[in-house]
4 protein chains.
Amino acid sequence: MLSQEDLIQLFKKTRADTEKICSFLETEDYVVQPIEDVSPPKWHLGHTTWFFEEFVLKQYSPSHKLFDENTAYVFNSYYESVGDKVIRTNRGNLSRPTVAWIYEFRKYITQAMLELLNNRKLDEEALGVIEIGCHHEKQHQELLYTDIKYILGNNPLFPVYNKQFNENLIQKYHREWIEIEEGVYKIGHDSSSFCYDNELAAHKTYLHKYKISNKLVTNAEFLEFMKDGGYQDVLLWHAEAWEWIQEHDINSPFYWHKIDGEWHQYTLQGLGKLNPEAPVTHISYFEAFAYAQWKGMRLPTEEEWEVAQDNFEWGSRWEWTESAYSPYPGYEKPEGALGEYNGKFMVNQKVLRGGSVATSSDHTRHTYRNFFHPHQRWQFTGFRLVNT
Amino acid sequence: MLSQEDLIQLFKKTRADTEKICSFLETEDYVVQPIEDVSPPKWHLGHTTWFFEEFVLKQYSPSHKLFDENTAYVFNSYYESVGDKVIRTNRGNLSRPTVAWIYEFRKYITQAMLELLNNRKLDEEALGVIEIGCHHEKQHQELLYTDIKYILGNNPLFPVYNKQFNENLIQKYHREWIEIEEGVYKIGHDSSSFCYDNELAAHKTYLHKYKISNKLVTNAEFLEFMKDGGYQDVLLWHAEAWEWIQEHDINSPFYWHKIDGEWHQYTLQGLGKLNPEAPVTHISYFEAFAYAQWKGMRLPTEEEWEVAQDNFEWGSRWEWTESAYSPYPGYEKPEGALGEYNGKFMVNQKVLRGGSVATSSDHTRHTYRNFFHPHQRWQFTGFRLVNT
Amino acid sequence: MLSQEDLIQLFKKTRADTEKICSFLETEDYVVQPIEDVSPPKWHLGHTTWFFEEFVLKQYSPSHKLFDENTAYVFNSYYESVGDKVIRTNRGNLSRPTVAWIYEFRKYITQAMLELLNNRKLDEEALGVIEIGCHHEKQHQELLYTDIKYILGNNPLFPVYNKQFNENLIQKYHREWIEIEEGVYKIGHDSSSFCYDNELAAHKTYLHKYKISNKLVTNAEFLEFMKDGGYQDVLLWHAEAWEWIQEHDINSPFYWHKIDGEWHQYTLQGLGKLNPEAPVTHISYFEAFAYAQWKGMRLPTEEEWEVAQDNFEWGSRWEWTESAYSPYPGYEKPEGALGEYNGKFMVNQKVLRGGSVATSSDHTRHTYRNFFHPHQRWQFTGFRLVNT
Amino acid sequence: MLSQEDLIQLFKKTRADTEKICSFLETEDYVVQPIEDVSPPKWHLGHTTWFFEEFVLKQYSPSHKLFDENTAYVFNSYYESVGDKVIRTNRGNLSRPTVAWIYEFRKYITQAMLELLNNRKLDEEALGVIEIGCHHEKQHQELLYTDIKYILGNNPLFPVYNKQFNENLIQKYHREWIEIEEGVYKIGHDSSSFCYDNELAAHKTYLHKYKISNKLVTNAEFLEFMKDGGYQDVLLWHAEAWEWIQEHDINSPFYWHKIDGEWHQYTLQGLGKLNPEAPVTHISYFEAFAYAQWKGMRLPTEEEWEVAQDNFEWGSRWEWTESAYSPYPGYEKPEGALGEYNGKFMVNQKVLRGGSVATSSDHTRHTYRNFFHPHQRWQFTGFRLVNT
C-alpha cells in the first residue's frame, strides 16, 4: 500500500498526464464518437473526474460542495448501481457540457482532492479508493490514445496527432523459442502492491511443456500469411470469425491502407509506409488465431505467458492469449459499486497480457489481465506464438 | 429573374444570415449528429459554401483557385453524379475539418463570389445557378434552426439557444371555416420570379366544394385528443403509423415533456411550460391524420390549400397536407447534377405547405412545395383541418 | 346488389376455386413463409374461412356453434379491433393447426354458410357482408398464386406448380399511342354493383392532354434498358430506389436467372427460357419509373389510366401508376372492423390498375384500385407508358 | 474401436432411433424453423443421411449411385469446405424436398450402407468415419427433441408431442456437499473407446479444494431467487447478461408460463403445472451464474465437474460450467472436412457436462464436452453449485 505522500504524487502525476495527452487535440476532436467502442475524449476527461467526486469526495469529504448537481451523471459509465447514466452509444451526441466546462470541472475536483489529501490523514479504505481512482484514470489514458487514434485515423483527412509519438518499437533480435518445463507453477498477484481484483487469488496451476517465442509476430510475417491467402482459407478460422470477416470485409489488420499497390499504415504520426520490421498491431484475436493455425502453432494461455514472461521483452503490444477471461480460483468480487469493476465482464472475452505503447509506464505488471472481445481491433494489440 | 445587382444583395444577405444563426453556438454544437436526419451545423456551413465553389466558381470563374483540393468532397450531400461523398450517417463522426477551417473556407468563397459578381457581367445561366445557390442556402438556414433545436433539445441539460427567439406565434382570433366552391382552378408557379422545378408547370385542377379552417390546430386542442385516448385508439391510425407509435413509444408531440404532472415544451428559448394557445408543432403527418380522423374531418390536399391560402394567415408552421409528393402535370427534371434536386424525392413523402418560424422571410411563397416522410417530426410542422 | 340466389352461386364458386388452386400443392407447401409479404397457403385457407365465421355466422346465425374456440384467432390478419392475432412474421412458424384440420374447418364453415343462405332470408346488411367475404376470398386467391410462386420459385429445386398455367399472354399487335384530350372527366365507381370503399366517391377530375400506349412494356424492351446500363445510372432512379437496388443487389426483374449466359424466368410452369415477347413482370414501381425516365416518358396517373382504359386491352398484369394511394374526394371509411379494410393503408403506397393472370375472372373492373409499396415485386406487376 | 459387427448394430439402432423420435410428428411439424437455432426435423433427417453419403459412400463405395445429384447440398450444414450449402436461416423456407422424399432418401442410404458394411471388410479409417457418423446422428437425435419441443412449445396451441415422455426426473435425496481435495488430477478421454477430438489429449490439471453439490438446483429453489428479485438485481448479472434480459424481457426460465397466477411449464407431454421438485431446466448460463451469485456460491469448472462426477448422479440435464470452451493441452484438429467438427467453435461458448433426458443412452460419458453460447436456453440445461 502506498503512503499518503506517495499517493499525492501519484494523483498529481496521473491528473497531469491525462491533460498532456489531450493537449494535442482541437476542440472538435474531444466531441465525436465514431463507433460505440470509442468514447469522446471529453467524456474520458469528465468520467475520470466524476469518479473522484462520486467515490472519494462524496464519501470522505463532508464539506465538499458538488461542482454541478445536474451534470455529473453524464459521466457515469457502467456503474448501474449508481443512479442514471447516459447510454453509451449516445456519448457522441452531446455537445454540452463543453470542453471548457469539463476543464473547469477537472480543476475544481483536482483542487478539492489535493486539499483533502494534504489536510487530512485518511484511513486505508479511503486511500485504497483513491489509488483505484488513479489506476482507473491510467486505464482511461490508454483508452484516450486508442480512441483518439480511431477518431483521427478514420477521418478521411488522416490528421496527425503528434509527430513525436512513435508506436512502432522494433525488436531487432532473432526469433528464439524459450522452453518451459512441465510442472506446477504459481500465478496471480502475490504482493502488497496495488493490483486489480481479477489478478487474485494467487494460485497454483499445472502446465505442460511448451516453447514460447521471444518476439512478437511482425508486419512482414503477417504479410506472408496474407499473400498465402490466409484471409480466404475458411479452415484457418473460427466459425464466428469467418462470419465476421465476411460481413465486415476484413482482409488486413486495422489502419492498413493499400495505396497505389503499396501497404501504408495510419499511426498517431499520420499516414506512412508500413514498416515490415514492426510488430503487427490492431489485430483481432480471430486474426491472431488464424495466423497461428496457418503456422501450425498456437497462442499461449495466460498462465503460459505469465510463467515465461521473465524470459522475453514485453510492453509495446497488448498480447492476445488463448485464455477466456474467467475468475481465478478464490476470486472474490468487491462489495458495492466498485464490485462492478471487473467481474461482470467475465464472459465472452479473451485475456490479453503485457501492455502497449499507449500504457502509462507504471500501469502494467506481469500479472495484469486485460480483456477484449475476440473481434476488437482498436487497441494496440499484437501476439506471440507457442510452438509445442 | 433578378438583376445582377439585386442578386449581389441577395447573396450577401444570405451568407450573413447563415452566420448570424450560428453565432449563438459553442464550437462543440457545430460537430454532433444525434440522428441521421440532423446534420452537424459545421456541415451545413461547409456544404452551402461547397455548392458555390462546385457549381459556380468551377464553372464560371476560370481563374478560381480551389480553397483545398482534398477536403471539399466532405461537403457533398446527395449529388450522386458529382464525385465521392461522405455517407450521411458519418457526418457527425468527423472532427476535422475544424469549425475555424470552415469559416476560413466560407470567407474565401464569399470573397471569390463577390469578385466574380462585381467584376464580370454574367449570363442568365450563371445568374440562375447563383440564385439557386442562395435559395439552397436559405433552405439550409431552416435546417440549421431545426437541427440545432434537435442537438440542444435532446441534450439532457436542455441548453438555451437564444432567449429572444420566439417559436410560438399565437393566432388570437376565433376559428372560422372558409368555404371554397366546386370548379376548375389553376395552381402552380406562374410568374417570372424564382421558383423550384417542382412548382411547375402551372396547371388546372378540379376541386370539389370544401371548407377549410382559418387557423391552425392548437396545443389545447391536441391535448383534448390525447386526453380522449387518441394515441391508444388503433382505428384512428394508418397501419404504418400504428406500428411506428408502438415501436417508438410515441404518445405526445416531439419536444413535449411531462414534468411533475404538467406538460412542458423545449423551444429554442429553453424548457418551459406548454402554451395551450400556441399552434401544435413537431408533429408527424401520422399524428395530424389521426387527429383529423378523431375530429371526423380531414387534412386539405395541397391543391385545396393553395387555392384557399389567400383567405387565411400562414407561415409559422409548415402545414401537412393529404397530398403525396408527385410531379405536377408537365413537370420536367432539369439537366445535369441540379436535376437531382427535387425529382428524385418524389416517392413516399407528403407535401407540406406554408413555411415556418425558421424559414427565411423571403424564402417561401404560396406555391412552395416542401416534403417530408410521414413520420418525421423534427421540423416546425403543424396542420389545419378541412371540414367537408 | 346481388340477389340471395346469385350470392349462393358466387359463394359456392369462390370456395371451390380456392381449393382448386391448392390442389396442386404438397402438404409441406402449405406451411412455409419465406418472407413477410408471403403467407403460408394454409393460412390463406384458414383466414378466408375465419372471415365468414367471425363477420357472418357469429353475427347473423345465432345457433352457430364455433368450430374451435381456441384456434380461430390464429387466422386473424390485420383486424386490430377484433381480439388477438398472431404477428404476421410468425405465420410460417406454426405447424399446427394442420392442413387436414384446416380443410375440416373450411368444410364445416362452408356448410354452415350454405345452411344459413339456403334457409333464411337475409337482410341487405348480411348479404353485403357475405358479398364482401366472397370478394375478400377472391383477393386471397390472387395472393395464393403469388405466394405459391414465391414459395416454389425461391426453392433451389425450382419445382413446377402446374404445367398448364400460362402466365405469359403475348400482346401480338404493334404499339400505338392513344390520345386523350384535355378536360374534365369523371372517375370512380358509379353503379349499384359491388365495389370496395376506396373506389368511392365517383368524382370529377381535370386531365391535361396525354398519349397512352395500347400495350405493356415487354421483356425484350426491358432488356434494352438493362443492356444500356439502366440499373447502373443513378440519374434514372428515385433516391430511395437507388438505395434499395444497392442494398439488395437488384439488376433484373424478379424470377429472372442468367444461366450459362442466357436469361431464364421461373414461372408457375417451372424454369424456362425468357420469352422476349411477353410483358415484363415481377417488377417494382421503382424499376418501372426508371425505365420510363430512360425512355423520356412517364407512367400514367390512375385517373389517366381509368379514362383511357376502354381503348386498350388489360388484365394480365397489374399496372403500376404514378399515383400515390390516397382517399378519393368524398371517401368515407365504413364503420367497425370492416372499416379497417382499405383506408388504413392509404400512405406510402402506389396505385396499380388492371388485374393479372392470377386474378379471379370476375374480380376486377376498370375502377378497381390495387396498391403496393413501390419496391414490392412478388405480384404479377407490369406497366405501360404515357408519352406527353 | 468397435468391431465391424458391433458397428453394424450401432448403425442400425441409430438409424431406427431417429425415425422413432419422428414417429410422433405430423407432416407439417417437419417443416418449420421458428428461430435460427432450431432446424426443421426434416432437415435433421436429411442431413444425417447426407453425412453418410458424402463422407462414407462417396469415399469408400465406388459403385455407389447418388440418390439425387441436385438435392443433397440442401443438407450440408456447416462444412464450408464441402461445396455449397443453404444458409442456416433459410432451412425453414424450403417446402421441398418433401418429407416423403426424405424418407426415401434415408431408406436408400441406410440400405447402401448396410450393403457396404455387410459385404466388405472396411479399414480402420472407414470404420472410424462410420462411427463418427453414428455419433453425429445421435447428436442430431438430441437436437430433434429440443427442436421439436421448440416448434410445438412455441405454438400458441401447445400441442402434445408424446404423453409418455417424462422430462422431469426427480432427485429425491437431500442436498449434500462432496468435498474434493487440492492437488493434481488427470482429465480428458483416456481409453480406446470412441470420443470426440475435443476430449483429447488426456492431461493433468491442478485443482484447489472445493465442495460440489450432489444434486441439481430445483424449480422450487429457482423460484426463491425469482421471488427475491433476482431478475431485477443488476449486481448479480454479467454486463452482457443484463443487456440480454432487458432486451428480451427475460424473467423466468424458458417454457414457463404464469397462468391465473400460477406457474406452468410446457414439456413434451404438453402444458402442465410446474413441479417444484424437478431440476430447473431451459436456463441460460447467464441465469445459472446469477443464481449462483445470489447464493454466494459459484458454478464448477469443467475440470472440477469431471473429477467429482463419480460421486453424484448426472444425465438428466446438461450442466453449465464456468469453463469457456477451449482446446485442451495437446489438442489436434483432425485433417480435412471432419476437422471442421469441433475446433472452429472454440470461442465465445461455455462448456456443459453431463447429458440430458434427450440424450441417446449410449451417447454421453464423463469426458464429453458439450458447448453452447451463454444465452442459449432451448436445450435441456440445468446446473449444480460449488461452495468453496
* For region C:367-378, enumerate the residues that are over 30 Å from C:GLY153 (Cβ atoms) and open to solvent by 20 Å² or more (accessible area, probe 1.4 Å). => none
* Please go through region C:192-232 and pick out each residue that is open to solvent by less than 60 Å² (accessible area, probe 1.4 Å), acidic (Asp, Glu) and at pLDDT 95 or above. => C:GLU199, C:GLU221
* Restricting attention to region A:175-185, does a residue exist that is more than 12 Å from chain D (Cβ to nearest Cβ) and aliphatic (A, V, I, L, M)? -> yes
* Asked: Within region A:56-110, can you find the residues that are within 11 Å of chain B (Cβ to nearest Cβ), in a helix (DSSP H, G or I) and modelled with pLDDT of 80 or more?
  -> A:VAL74, A:ASN90, A:ARG91, A:GLY92, A:ASN93, A:VAL99, A:ALA100, A:TRP101, A:ILE102
* Based on what the data block shows, is B:HIS140 within 20 Å of the chain's Cα centre (by Cα) and in a loop (DSSP other than H, G, I, E, B)? -> no
* Asked: Does any residue in region D:250-277 that is on the phi > 0 side of the Ramachandran plot come within less than 6 Å, Cβ to Cβ, of a residue that is open to solvent by less than 50 Å² (accessible area, probe 1.4 Å) and part of a loop (DSSP other than H, G, I, E, B) six or more places away or on a different chain, and which pairs are these?
  -> D:TYR255/D:HIS282
* Structure fact -> Over region B:20-36, the set of residues under 18 Å from the mean Cα position of the chain (by Cα) and under 18 Å from B:PHE75 (Cβ atoms) is B:ILE21, B:CYS22, B:GLN33, B:GLU36
* Structure fact -> Picking from B:TYR325, B:TYR285, B:TYR331, the residue that is among the hydroxyl-bearing types (Ser, Thr, Tyr), open to solvent by 40 Å² or more (accessible area, probe 1.4 Å) and within 14 Å of chain C (Cβ to nearest Cβ) would be B:TYR331
* For region D:295-306, enumerate the residues that are more than 21 Å from D:HIS174 (Cβ to Cβ) and part of a helix (DSSP H, G or I). => D:GLU302, D:GLU303, D:GLU304, D:GLU306
* Among the residues of region C:335-359 satisfying the criterion of being away from every other protein chain (no Cβ under 11 Å) and crowded, with 21+ Cβ neighbours inside 10 Å, which is nearest to C:LEU144 (Cα to Cα)? -> C:ALA358
* From (1) surrounded by fewer than 20 Cβ atoms within 10 Å (Cβ to Cβ); (2) on the phi > 0 side of the Ramachandran plot, pick out the condition that doesn't hold for C:GLY188. => (1)
* Exactly one condition in (1) within 13 Å of chain B (Cβ to nearest Cβ); (2) under 21 Å from B:ASN348 (Cβ atoms) is not met by C:HIS248; state its number. => (1)
* Taking strands (runs of 3 or more DSSP E) that fall entirely within region B:163-280, which contain at least 1 residues that are under 24 Å from the mean Cα position of the chain (by Cα)? -> B:183-187, B:210-213, B:256-259, B:262-267, B:270-273
* To do: Please enumerate the residues belonging to region B:121-176 that are open to solvent by less than 20 Å² (accessible area, probe 1.4 Å) and among the acidic types (Asp, Glu).
  => B:GLU131, B:GLU137, B:GLU142, B:ASP147, B:GLU167
* over 30 Å from A:GLU125 (Cβ atoms) and either in contact with a Lys or Arg (Cβ under 9 Å, 6 or more places away or on another chain) or hydroxyl-bearing (Ser, Thr, Tyr) (or both) - does that describe any residue in region A:323-331? -> yes
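Each row is one residue, and each column tells you yes or no for (1) charged (D, E, K, R); (2) in a loop (DSSP other than H, G, I, E, B); (3) touching a residue at least 24 places away in the same chain (Cβ under 8 Å).
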{"site": "C:ALA308", "(1), (2), (3)": "no, no, yes"}
{"site": "C:PRO329", "(1), (2), (3)": "no, yes, yes"}
{"site": "C:PRO334", "(1), (2), (3)": "no, yes, yes"}
{"site": "C:SER356", "(1), (2), (3)": "no, yes, yes"}
{"site": "C:SER361", "(1), (2), (3)": "no, yes, no"}
{"site": "C:THR364", "(1), (2), (3)": "no, yes, yes"}
{"site": "C:TYR368", "(1), (2), (3)": "no, yes, yes"}
{"site": "C:TRP378", "(1), (2), (3)": "no, yes, yes"}
* Structure fact -> When every residue in region B:186-206 that is within 14 Å of chain C (Cβ to nearest Cβ), in contact with a Pro (Cβ under 8 Å, 6 or more places away or on another chain) and not polar (S, T, N, Q) is compared, the one nearest to B:ARG384 (Cα to Cα) is B:HIS203
* Please go through region A:297-322 and pick out each residue that is open to solvent by 30 Å² or more (accessible area, probe 1.4 Å), under 27 Å from A:LEU236 (Cα atoms) and charged (D, E, K, R). => A:ARG298, A:GLU303
* Out of region A:5-42, which residues are open to solvent by 20 Å² or more (accessible area, probe 1.4 Å), assigned to a loop (DSSP other than H, G, I, E, B) and of a type in the set (A, V, I, L, M, F, W, C)? -> A:PHE24, A:LEU25, A:ILE35
* To do: State which residue is farthest from the other protein chains (Cβ to nearest Cβ) when the search covers only region D:15-50 and only residues that are of a type in the set (Ser, Thr, Tyr) and farther than 19 Å from D:PHE165 by Cβ.
  => D:THR48
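The values are calculated or read from the model by the stated rules, or taken from the named source; none is laboratory data. Every value quoted in this text rests on a predicted model; they were computed, and no experiment measured them. With ideal geometry, Cβ positions are generated from the backbone for all residues, glycine too; neighbour counts draw on all protein chains shown. Surface areas here come from the heavy atoms of the whole protein model, side chains and all, with no ligands, DNA or RNA. Shrake-Rupley method; radii C 1.70, N 1.55, O 1.52, S 1.80 Å.
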